[in-house]
Structures are given as structure tokens and as C-alpha cells.
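Notes follow once the structure below has been shown.
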Amino acid sequence: MMWNLFSRNLLCHLRSKEFFIWMLIFPIMLATLFYFTFSSLDQADQLQVIPIAVVEEGMPEEDSAFSDTVRSLSEKGDEQLFQTQFISEEEKARQLLKDGEIDGYIQYENGKPGLVVREDGLNQTIIKSFLDQYLQTKSSMENILQENPQLAERLPSLFSRETVTEEISLSQNAPTSKVNYFYALLAMVCMYGGMQGLNVVSFLQSNLSAIGARKTVSPAKRWKLIFADLSAGVTVQWLAIILVILFIRFILQVDFGPQLLPAFLTGIVGSLTGVSFGMLVSVPKRLKYSAKTALVVAVTMVFCFFAGLMTSGINYLVEQKAPVLAWINPAARIVDAFYCLYYYDTYYQFFLNIAVLLAMSLVMFGITIFSIRRQRHESL
């Protein structure tokens, strides 16, 4: 009896057009769109080599230190800052700036280098900061030599910039901004499991559908009907989330950390939370099915918005300003679980998120079962 109920419900869910559209086709299309949209997102935050020009006209012959410094910063390599053109006349530098081939040029006036730019921007600010730092260092060296000429041999060591810190990574994966959108998308797919939970309970309520009326008067025990419907809905939802994870991981090459099985576990537990949420929404008898559907979609999108689906970083802002709201947001817990797999080398925070999701599912499922058991009908 139980297997017959389960298999029939499973086929019913698999034949649903809404399932394939919202659980598979829509997430895969959206993930592909994210891939092409955010493929260069990480490179956008990296500093690029800045094209500049140095006008040699008016440069004092004794001030060779400046040109040597600029040339050292223009040498190709990981620490290259400028791409420098040394030009004899200012007119040519002005034309290059007008044509947009350089971001600024440096010329000498009254024996001091000055910066000429057309507009304000990050590159222009970097050039100005370099020039100010050079002039400040030069002035300090001149003052020291004027007061203490005997320190001339020690000046290079006094003004040398040695790195005394070592950059290390707390994770074997490189920091990236784009994975947040894919993790939030998976959280949305999990929470869309609410549609499965909504169908499970709605098809048990006689006032919402003919199927519910037939199930109400059937000889099968009510707990068997609930368990069979719930198992079928959860199974279909698990299948959908696993397929989407596989597509994102192996087709779009989005990393989930060194192990894929914990990512599957996150999707499975997150889907269970989504199904339980849909079951809870479907409990009120007076709401129509369409109203419940709209409520599931609306609340899901609110959850996903604060989990970072539309605006990256908003989930961290909520966690800082209102941590309680962040912890009761199931979509945020799903995203954070994926993040833990990607960044952390321990599983403590990961399993904490899983435990919170399971607790949410248990509470919502318990309220649903208690409410359904108490529903009675005078006549059908």
C-alpha cells in the first residue's frame, strides 16, 4: 500500500510541467545567465596597469631619481604599476591625454613635477598618491641631508620599504565575488520546494481540490497519505537540486569546495526546509490555492533577496545589523552552508547551518501535521 501511494505520487510530480519549468529549466537558464554576466567580476576588482606619460621638457638634469623611480614602477611583472611614455614636449602628451591613450601626464614646473589629468578617477588618484609620496620622501631626504650630512650613506636603508608581513590564505580556494550569486540561486531552488509542500497538503484538503476530496474519503489512513505525498515531493525536489548542483559544478565550473557530497547534503536539507515551508503555508483552509502559491513565491523571493541573490553583500549587512533575522532566514543559512564548504577548512559552521535548517524543518513540519490532524469536515 505505502509503495503504491508513493510511486503514484512520484509519477504525478514528475509529470508536472511546473516542476520542470521552475525547478530545472528556470534555475539552469538563470545560472547560465549568471555565468556570462559575472565571469569577469573578479577581474574587475583588480588594479590594472596605468598608462601615463612623463614630459622630459623642463626636467632638471640632477633630478634623475624621479625618472629612475618611474622606470622601476614600469618594469613588466607582478608589481608593475605604470606603463610610461617619456615624451620630449608637453604638446604631444596633451594630445595623448585628449585621445584617451593615457590617464595623465607628469610635467615639471618651477623644478617640481606636477600632474595633469582630464577627469577624476581611481587611476588618477593612484598617480596623484604616487607623486605626493615621492615629493614627501624627497623633501624628507633633503631635510635630513641638510641637518645631518653624515647620514648620506644610510639614507637608502632609511627609506627602503621592506615587507615585514607575509600574505597567507585561510582557505585553499581563492576569494571570489561571483559564487555568492550561484549559492543564492541554489537557495532559491531549495525554497521553491515550497511548491511541492504546497501541493502535498493542498491535495489532502477536500475544499481545495477534487483529489483532496477523494483522498479524504479514501480508506487509507491519513498518516500514510501524508507520508507518501511528502516522500514523493521531497524526492522530486532532491532530484531537481542535485541536477542543478551538478550543472553548476561541472558545466559552469563553479566550485563548491574540495568535496561535493556536503554540497549535496546542503541541497537536500535545504530542499526539505523549502518543502516544510510550503506545507506550513498550505495549512490555512480559507486561503485559495492561488493565494498560497503567490505567498510561497513572494516570501521565497524576500528570503533570497536578503541572502544576496539580487544584491551581493546584503546578507553580511543583515548578519551584522540584525543577526537574529539572518539566522531565521532559511535561504541565508543555505547560502552560508555553501560558503562554509568553499572557504572553511573545518565543518563546524557548516553543520551548525545544517542543524538550524533541520530544526526549522522539524518545527514547520510539526505545526503542519498538528494542524492537519485537527481538520474535520461536516460533509463533502
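Throughout, read-outs are computed from the coordinates displayed, never taken from laboratory work. Nothing here was measured: the structure is a model prediction, and the numbers come from that model. Note that each Cβ is placed from the backbone with ideal geometry, even for glycine, and that neighbours are counted across all protein chains shown.
Under 5 Å between amide hydrogens, which residues at least 5 positions from Phe82 or on another chain qualify, with H placed 1.01 Å from N in the peptide plane?
Ile50, Ser74
Extension gain Phe247-Glu101, at 0.36 nm per residue separation less the Cα-Cα distance, in nm?
48.3 nm
Among the GluC sites (Glu not before Pro) within the range 89-125, which fall in a DSSP loop and have no more than 16 other Cβ atoms within 10 Å of their own Cβ?
Glu89, Glu101, Glu119
Can you tell me how the range 284-370 classifies by the Cα gyration tensor, rounded, prolate or oblate, using a/c under 1.5 as the rounded cut?
The shape class here is oblate.
Are there trypsin sites (Lys or Arg not before Pro) in the range 263-357 that DSSP puts in a loop and that have at most 15 other Cβ atoms within 10 Å, and which ones?
Filter output for the range 263-357: Lys285, Arg286, Lys288.
Is the shape of the range 321-368 best called rounded, prolate or oblate, per the rule: a/c under 1.5 gives rounded, else a/b larger than b/c gives prolate, else oblate, with a ≥ b ≥ c the square roots of the Cα gyration tensor eigenvalues?
oblate
Under the Karplus relation 6.51 cos²θ - 1.76 cosθ + 1.60, θ = phi - 60°, what is the ordered set of whole-Hz ³J(HN,Hα) values for the range 263-268, x standing for Gly and Pro?
With the stated coefficients, the range 263-268 comes to 5, 4, 4, 4, x, 5 Hz.
Can you work out the Karplus-derived ³J(HN,Hα) for every residue in the range 339-347? Use 6.51 cos²θ - 1.76 cosθ + 1.60 with θ = phi - 60°, whole Hz, and x for glycine or proline.
Here the 3J(HN,Hα) series is 4, 4, 5, 7, 9, 8, 9, 10, 10 Hz.
Quick one: length gained pulling Leu14 to Phe36 fully straight, 0.36 nm per residue minus the C-alpha distance?
That pair, Leu14 and Phe36, stretches by 4.9 nm at full extension.
Which ³J(HN,Hα) values, rounded to whole Hz and listed in residue order, are derived for the range 236-248 from phi using the Karplus coefficients 6.51, -1.76 and 1.60 in 6.51 cos²θ - 1.76 cosθ + 1.60 with θ = phi - 60°, glycine and proline given as x?
3J(HN,Hα) across the range 236-248, in whole Hz: 5, 5, 4, 4, 5, 5, 5, 5, 5, 4, 4, 5, 5.
Mind scanning Lys128/Lys321; Lys17/Lys321; Lys76/Lys138 and naming the pairs with a C-alpha gap bigger than 32 Å?
Over 32 Å Cα-Cα: Lys128/Lys321; Lys17/Lys321.
Rank by packing, highest mean first: peptides 178-187, 322-331, with packing defined as the count of other Cβ atoms within 10 Å averaged across residues.
Going from most to least packed, we get 178-187, 322-331.
If you average the C-alpha positions of the range 66-132 and of the range 239-285 separately, how far apart do those two centres end up, in angstrom?
Answer, in whole Å: 52.
If I stretch the segment between Lys76 and Ser64 completely, what's the gain in nm (0.36 nm per residue apart, minus their alpha carbon distance), one decimal?
That pair, Lys76 and Ser64, stretches by 2.3 nm at full extension.
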